Structures are given as structure tokens and as C-alpha cells.
Amino acid sequence: MTELSSGIEVRGERGGAKGRSVHAARRFEPGDIMARFNNPAVVLPPGPRALEFCSHCLKQQQEDTPVTEKLRACTGCKTVAYCGPACQRANWSVVHKFECKAIQRLHKTKPADQPNWVPTPVRSAAQVMLRPKVMEKFEELEGNVESWQGREMVKLQLQARGVVMCLGGDEASVDLLESAFQVLCKIQTNAFSVSEDETDGIYLDTTLAMMNHSCSPNAMVQFDGRSASLRAMAFIEPGDEVEISYIDETHPKSKRHESLRSYYFDCKCFKCIEDLDEYQVAQKDPRVAKLNELSATPDIERFQHPQVADKDRLRQAIEVKKLLEIYTAQVRHTEPTAKHKWLRKAYKSASWFTENGRWAIEPFAQLLDKAAVYYGKTRGNHECALAIACLVAYEIEPYKHPIPFHNERIRGLTAIANELSHTAPEPEKLVKLARDMAAKKKFSAAGVRVLVDLDQVSMCQMVLSLINAYKDRTSKVHWDDVSMIRWMIAEIESLPGRDRENSLINAWIMDPKGMDQFFRYALVEPLKALSELGKAVLEVDLGEDRDLSAN
């Protein structure tokens, strides 16, 4: 089901010591596309929202879509929809000609008042079993059937009955039910974006499913509709195993291993064996120096963060556990006052992280993301939101994701550009915030001077230009707004009286090394100063209960 390029190869065999694995057939550098996967075994939109997505290209229908461009439901099963005749014909050829009547058969067994959608696991398993060639490919996959029998037996048995009903088979057939059960187990084990929630969409390619996990992965999978790309995230030599992360690899070891339980293995990567945190991994990462030459954090000596003493490692683990408990008890507040109260409680309980400069350790890092969203989106205080976004970009993301064009680094830069677009029209507000923090002895006079001299429009232009420079090395799925970024750059360039600034910025784009001094003056130093301002904002507002959110 996969169009393998000459860049990767599958080794090993099912049931072996390590099972199947994927290896590089040639050398790759970070950002390189290693392989593309255009013909997955199963790709489905979210079950109850299936009519909001084209069932072939997975394009989602927007609320403001004109009537003439709205998706059209299949007239047979009325369960799937398409954006046009081309996608409908393509999907019919690939799978829907097999499943349309099967779905109708299942609908006949439902009460009339129930909606016409099929649970994702049931529909995906039926798609597999209705196509012999796909079923043959599934024979190569691990399903951890014995483990699922002990964990989700009743749920999977009910789903298996639904699959058999789709197939029009005998619900009393032990063999057919067992076959459906095994397929369901393999889907649960190998599909991307599967969770306990039956409403999630999934993507399953039988070659991608053979890739092993590491909490320090050298590659990542990126999706674009019904296609997927395998992108190198490290320097990979011929013969090296290509590993991805099944989970958020920046979480603490205890949280990672909890998330990996559903895959039924214990991770033995060097990060887990040595129980390294994000700072320690960054210290060992050979990618840091070369790749961060063109980044908002080019000073690689920052990555040589002091090692944590054994006694502090224990204390860090205790503090992580304490903060995780607060997150577990968190109520999803929508009211601003309640959000603010929770942020203050969490921040005060996490004082060890700020006192020891452990900003990048999860779940503390998540707290800052939540704070940035609170100030910017909830309260409309874009000066505070900008400062915290810069704190995240300077003190957190470079350690969690040393590659500067990692999706999360790009997302962080985008957040900074967005906040600058709000603060630049009234630059005096940011200066006032800086002076207020300095008056409270929380921010330095030198930092105030940097922000007084800051050209926020130029900083925004440079951040956008940096994002644009990474466009070919990051995930396409995050680049739906690339035209907007270019439009924003063009708009800034067209502002009157900016000929000198445009000339300097364009010179930097053409020759980053030659314009390093300008780059540091216009972007790196302001980012650092704003990061320090973000620390002051957090301490004053969340730590000392002096409300800044409404300023």
C-alpha cells in the first residue's frame, strides 16, 4: 500500500527479536523528505463528523463555505461526503464501492432516530476485510491480540459484531468474529491518531506501521490529507534505523511510559535508560550547532545547560509529580476569572522550576503556553502575551525541539508575529509595561532600553521572514497560511518610510552571516529582553497576585 522511495527499506521479520523496522538506504539531513506515502490502507475522517470532510482528500468544509461549494453526501449510504466528482470517483475506486452497501446494511439495524454515522474502528476494520489485498498486507502487522483481549475485550467484541454486520456475515461465526477482532486490534495498535474515543479519524499505512518508537526520534511523520511524509529530524546515515515518536516525547519519563502502555512495550531509548530531561538531551544533540546558525536562538553555548545533580534530579521528579497532580485536577474553565485563578495556583506550586531555571521541563512548559493564550486570546492583553510567547520561544522550545524548523518552533514564531501585529501600532504600551516591571524591581534597566529602541514592525517582519525561510523544511499541513505570511511581509514592506529597514532586512535574508550584527540587534536581543519581561509578568501577576491581565 506504500510507494517506497529508494530512501528507506524494511528489515527484520514479524516475531523476531525486534520485529520489523525501517532503515535509511542513504544519507539524510534534518528536514529532508525520506519517503512519501500516498496510498494508505485506511484513512478516515472523524466518524460523527464525516459529512464535514471530503472522504477522499479529507478537506474540511468551513462554516462560511458557499452553498455551491458545499460537500455532497453519497446518495447511497448518506454517510460519507465529497468535495467534487473527481474525489468521489477516486474514492469509489479505492474503497467506497466495497463499503457503500456494507454501511447501508449496518444502518438498517439501527433505530430510526439514530444518526447515520459509523464508529471509526468498525468502519476501518470493515474497509480492511472487504479488500483482500489490504487484508493480506495486514497479516504482516503486529496486533498485540493477547494484550487487547485482557484490556478491551468487551468493547472490541462489540465492535467486531458491528464489523461482521457490515460484511453481511453470520454474527454467530466464531471464525469471522475472531478475524474482525484481530483486525481491530491491529488498527488500534498501528493507526495514527487513534485514541479511546471512537470519534477520531485515523491514518494507517502498513509500512509506517512498522516504524519503531524512540523518545529521541530521528524522524517524524507529517500528514496532508490522505498523504503522509516521513521527514528526517536528524543526520541519518545509510543503515541507521529510522525511529519516530508515538507520543509527546517531551513529557517526563513517567508520563511517557504511561502513554506507551497501550503499545505494550517498554521504551529502551537512551533518553529513557539514562532518564534524561530536555536540557540533558539538548547537550548531547549533535544537530544543535549547525542547525541553529539561522534561528532566533543562535547562541549555541546556551544549550550547554548545567547538569542536574542527583539530589536535584530527585527533587525535579517530585516537583513534576506535584504539578502533574494539579493538571489532573484541572477543571476546563471557560470563564476568565476562573482561568486566572487556576494559572496562579499552578504557577505558585511550581516555584522550583522558575527558581532553578528549568523552564523547559514538562508539565511546567505547558503552563506558560496556557498563560500566553490566556493573556492574548482571553484578555486581549497582547503586550503580556508577546512577552510570554518570547519566553517560550527563548527558554523552552529550543531545548524541547533543538531543530529550529520543528513544527513547534515554527508555531512559536508565528505566535510572536501575531502578537507583534497587535502591539506594533501602539509601541508605547510595551514600553510602559517594561518600565512598570522595572519599577517593581522585576526587570532590568538594560532590558527597558532594548525595548525603548525596539522597532516592533521590523521585528515582526524578521520573524515572518525567518518562518518563510523554513517553508520547505517543515510540515505542509502547517502551511495553509503560508500565503498569509507572505502577504503580511509584503504589507510591511509597502509601508511608507521603511526603505532603509527593508534594505537591511533583505540584506540579512540574502546574507545572514554577513548581517549577523544587525540580526542580533533587531531580533535576538529584543527576543531575549522580551523573554525576561515575560518572566517578570508571570512573577508579578501569577506569583504576587498583582493583576496585569486587564492592562
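The values are calculated or read from the model by the stated rules, or taken from the named source; none is laboratory data. Remember, predicted model here, so these are calculated numbers, not experimental data. Reconstructed Cβ throughout: ideal geometry from the backbone, glycine too, with neighbour counts over all protein chains shown.
Brief remarks on what is shown
- Of the criteria (1) modelled with pLDDT of 90 or more; (2) closer than 30 Å to Glu525 by Cβ; (3) not polar (S, T, N, Q), which one Lys345 fails: (2)
- Residue match in segment 514-524 (condition: among the β-branched types (Val, Ile, Thr) and within 30 Å of Leu230 (Cβ to Cβ)): no
- The set of residues in segment 138-182 being touching a residue at least 40 places away in the same chain (Cβ under 8 Å), crowded, with 18+ Cβ neighbours inside 10 Å and either among the β-branched types (Val, Ile, Thr) or touching a strand residue (DSSP E or B) at 6+ places or on another chain (Cβ under 8 Å) (or both) consists of Val163 alone.
- Checking the stated criteria, Ala360 turns out to be surrounded by 22 or more Cβ atoms within 10 Å (Cβ to Cβ) and assigned to a loop (DSSP other than H, G, I, E, B).
Here is a yes/no grid of residues against (1) touching a Cys at 6+ places or on another chain (Cβ under 7 Å); (2) modelled with pLDDT under 90; (3) among the hydrophobic types (A, V, I, L, M, F, W, C); (4) under 17 Å from Arg313 (Cα atoms):
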residue	(1), (2), (3), (4)
Pro238	no, no, no, no
Ile247	no, no, yes, no
Tyr264	no, yes, no, no
Lys268	no, no, no, no
Ile273	no, no, yes, yes
Leu276	no, no, yes, yes
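- Any hit, segment 49-56, residues being modelled with pLDDT under 90 and either among the hydroxyl-bearing types (Ser, Thr, Tyr) or outside the structural domain of Glu140 (by TED's automatic domain parsing) (or both): no
- Residue satisfying condition, being in a helix (DSSP H, G or I) and either surrounded by 20 or more Cβ atoms within 10 Å (Cβ to Cβ) or free of Cβ contacts under 8 Å to residues at least 40 places away in the same chain (or both), within set Lys268, Lys255, Lys290: Lys290
- Residue in segment 327-340 that is over 15 Å from Leu548 (Cβ atoms) and touching a residue at least 12 places away in the same chain (Cβ under 8 Å) present: yes
Every residue, every condition in (1) surrounded by fewer than 18 Cβ atoms within 10 Å (Cβ to Cβ); (2) at pLDDT below 90; (3) in contact with a Phe, Trp or Tyr (Cβ under 8 Å, 6 or more places away or on another chain); (4) in the same structural domain as Pro404 (by TED's automatic domain parsing), yes or no:
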residue: Ser229; (1), (2), (3), (4): no, no, yes, no
residue: Phe235; (1), (2), (3), (4): yes, no, yes, no
residue: Glu241; (1), (2), (3), (4): yes, no, no, no
residue: Thr250; (1), (2), (3), (4): no, no, no, no
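- Within segment 391-403, residues that are in contact (Cβ under 8 Å) with a residue 40 or more places away in the chain and basic (Lys, Arg) sit with their Cβ atoms under 6 Å from residues that are in a helix (DSSP H, G or I) and surrounded by 24 or more Cβ atoms within 10 Å (Cβ to Cβ), at 6+ positions apart or across chains, in these pairs: Lys400/Glu278.
To keep it simple, each residue is scored yes or no on (1) surrounded by 21 or more Cβ atoms within 10 Å (Cβ to Cβ); (2) closer than 29 Å to Cys185 by Cβ.
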site: Cys83; (1), (2): yes, no
site: Lys110; (1), (2): no, yes
site: Pro115; (1), (2): no, yes
site: Val122; (1), (2): yes, yes
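- Lys471 vs. criteria at pLDDT 95 or above and part of a loop (DSSP other than H, G, I, E, B): no
- One residue from Leu141, Leu106, Leu156 being at pLDDT below 95, within 32 Å of the chain's Cα centre (by Cα) and part of a helix (DSSP H, G or I): Leu156
- Any hit, segment 191-203, residues being of a type in the set (S, T, N, Q) and more than 16 Å from the chain's Cα centre (by Cα): yes
- Any hit, segment 361-374, residues being within 25 Å of Ile244 (Cα to Cα) and of a type in the set (A, V, I, L, M): yes
- Just one of (1) in the same structural domain as Lys186 (by TED's automatic domain parsing); (2) not in a helix (DSSP H, G or I); (3) not small (Gly, Ala, Ser) fails for Arg36. It is (1).
- Test: residue in segment 85-97 that is buried (at least 21 other Cβ atoms within 10 Å of the Cβ) and either closer than 21 Å to Tyr264 by Cα or at pLDDT below 95 (or both): no
- Test set (1) without any contact (Cβ under 8 Å) to a residue 60 or more places away in the chain; (2) within 25 Å of Val448 (Cα to Cα); (3) over 15 Å from the mean Cα position of the chain (by Cα) - Lys345 fails condition number: (2)
- Number of positions in segment 494-524 that are under 15 Å from Ala296 (Cα atoms) and surrounded by 11 or more Cβ atoms within 10 Å (Cβ to Cβ): 13
- Residue tally, condition more than 11 Å from Tyr399 (Cα to Cα) and surrounded by fewer than 15 Cβ atoms within 10 Å (Cβ to Cβ), over segment 295-304: 2
- Output for segment 76-103, where each listed residue is outside any helix (DSSP H, G or I) and within 18 Å of Val163 (Cα to Cα): Cys77, Thr79, Val80
Listed here are the residues, each with its yes/no results for (1) within 27 Å of Arg358 (Cβ to Cβ); (2) assigned to a helix (DSSP H, G or I); (3) acidic (Asp, Glu).
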site: Ala387; (1), (2), (3): yes, yes, no
site: Tyr394; (1), (2), (3): yes, yes, no
site: Phe405; (1), (2), (3): yes, no, no
site: Gly412; (1), (2), (3): yes, yes, no
site: Pro425; (1), (2), (3): no, no, no
site: Glu428; (1), (2), (3): no, yes, yes
site: Lys442; (1), (2), (3): yes, no, no
site: Arg449; (1), (2), (3): no, yes, no
site: Val452; (1), (2), (3): no, yes, no
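- Pairs with Cβ under 6 Å, 6+ apart, first in segment 37-66 and surrounded by fewer than 16 Cβ atoms within 10 Å (Cβ to Cβ), second outside any helix (DSSP H, G or I) and aromatic (Phe, Trp, Tyr): Pro48/Trp117; Gln60/Phe53
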